[in-house]
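> Below you'll find the structure I mean.
The values are calculated or read from the model by the stated rules, or taken from the named source; none is laboratory data. Bear in mind the structure is a predicted one, so any value in this text is a computation, not a measurement. Note that we place each Cβ from the backbone using ideal geometry, even for glycine, and neighbour counts take in every protein chain shown.
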Amino acid sequence: MSLELIGICVLWAFLFGYVIIASIDFGAGFYNAYSVLTNRSDILSDVIKRYLSPVWEVTNVFLVFFFVGMVGFFPQTAFYYGTLLLVPVSISLILLSIRGAYYAFESYGVTGHKGYATAYGLAGLLIPASLSVVFTISEGGYVEMVSNYPQLNYKALFTSPLTWSIVVLSIVAVLYISAVFLTWYAFKAKDYKASNLMRKFALIWSAPLAIAAIGIIIEFRGHNPFRFENMVDVWWLFAISAILFFITTWLLWTKKKYGLAVILLFSQFGFAFFAYGISHYPYLLYPYLTIYDGFTNKEMAIALIIAFIFGAALLIPSLILLFKLFVFNKDYVRGIHDEHV
């Protein structure tokens, strides 16, 4: 395997980690806002806050690794995407600031404030929507080279059905992933009211998720035949993802083995995410930039790979410890705290 492939595989794995953890985080914020606005805080808020409190600060670590690695491995991406992503990334940063401010107001202000909770919940849905535009841009057809500099055609981008298909999928996926996870998390906490409510949300969002995924495939066929043919070549990966999706939905419908449902959920999105990445090979920005264009020198690439290995060796055990102490701790999940602490 070439250094270019190793580099992009490492980055894609970190991006997948961010997608999963951030989806749970963003979706949980939305459901918390829903519970506050509908006066159901007594059902959902306690479970959601017990999950968010220890996890929200580490969510963006994966994203930082990805961006640093992308520029390190593929310096040309800074030239192409630096200008193209100025608007969507700026919006995402503003939304991330809003989410961060929520914790300050929630911790030192009035707990359960509807305005703060609403802003936090909506920001959590708009962040993946704004970041998902990157995937649309990378598909080609929205970038023009003017005097050898890339220029984004905003009109073509925001009037494209593919753009809005990807945006819808990103929002629905966030709500679905979070709902399935929180169904299990609440059940583990023996908070059966919250678990049943989140189970209903998971089932509600399962159909829109399937429709959105199918819609994107249809849009690819008309937008970029080259990409569509590549997706057909890895149809079996998407088929496995679809099978896992139906099994997950069946487990939720029959109220069985929520823990297994979560594992299948992560596997489902893993197969689909890596199938999409494989079908995108070798392009980072179609048709202008591939993983072989402007790849960093061999010494730098090896140094980055070693740095990422050491980073993962520190990050993964830290996350395991965090989840063991809080998210998977039975007493913490149930809201039981040592009174002597």
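> Please determine, by comparing only the residues of segment 118-143 that are aromatic (F, W, Y) and either buried (at least 21 other Cβ atoms within 10 Å of the Cβ) or assigned to a loop (DSSP other than H, G, I, E, B) (or both), which one is nearest to the chain's Cα centre (by Cα).
So the residue we want is Y120.
> Can you work out which of the residues in segment 144-170 that are β-branched (V, I, T) and either without any contact (Cβ under 8 Å) to a residue 40 or more places away in the chain or part of a loop (DSSP other than H, G, I, E, B) (or both) is farthest from L93 (Cα to Cα)? Full working, then the answer.
The initial filter retains those residues of segment 144-170 that are β-branched (V, I, T), namely 146, 159, 163, 166-168.
Among the residues that remain, those that are also either without any contact (Cβ under 8 Å) to a residue 40 or more places away in the chain or part of a loop (DSSP other than H, G, I, E, B) (or both) are: 146, 159, 163, 167.
On the way: V146: 28, T159: 24, T163: 20, V167: 17 Å.
The residue in question is V146.
> Within segment 170-192, can one find any residue that is surrounded by fewer than 22 Cβ atoms within 10 Å (Cβ to Cβ) and of a type in the set (S, T, Y)?
Looking through segment 170-192, at least one residue is surrounded by fewer than 22 Cβ atoms within 10 Å (Cβ to Cβ) and of a type in the set (S, T, Y).
> Let me ask another. Looking only at segment 146-153, decide whether some residue is at pLDDT 90 or above and under 24 Å from I243 (Cα atoms).
No.
> Just checking, does segment 12-20 include any residue being surrounded by 21 or more Cβ atoms within 10 Å (Cβ to Cβ) and more than 18 Å from the chain's Cα centre (by Cα)?
Within segment 12-20, none of the residues are surrounded by 21 or more Cβ atoms within 10 Å (Cβ to Cβ) and more than 18 Å from the chain's Cα centre (by Cα).
> Given the conditions (1) at pLDDT below 85; (2) in contact with a Leu (Cβ under 9 Å, 6 or more places away or on another chain); (3) buried (at least 18 other Cβ atoms within 10 Å of the Cβ), and given that I24 satisfies all but one, which numbered condition is not satisfied?
(1)
> Still on this structure, please answer the following. Mind listing whichever residues of segment 282-341 are farther than 30 Å from M145 by Cα, modelled with pLDDT of 85 or more and of a type in the set (D, E, K, R)?
The one that is farther than 30 Å from M145 by Cα, modelled with pLDDT of 85 or more and of a type in the set (D, E, K, R): E299.
> Across segment 253-302, what is the total count of residues that are touching a Pro at 6+ places or on another chain (Cβ under 7 Å) and hydrophobic (A, V, I, L, M, F, W, C)?
Final tally of qualifying residues: 1.
> Are there helices (runs of 4 or more DSSP H) fully within segment 1-76 with at least 2 residues that are over 23 Å from S132 (Cα atoms)? List them.
Filter on segment 1-76 gives 3-37, 41-55.
> Among the candidates V71, V89, V55, which residue alone is modelled with pLDDT of 80 or more, surrounded by fewer than 21 Cβ atoms within 10 Å (Cβ to Cβ), farther than 25 Å from F220 by Cα and of a type in the set (V, I, T)?
Just one listed residue meets the conditions, V71.
> Sticking with this one: Mind checking whether some residue in segment 244-262 is closer than 23 Å to L11 by Cα and surrounded by 19 or more Cβ atoms within 10 Å (Cβ to Cβ)?
no
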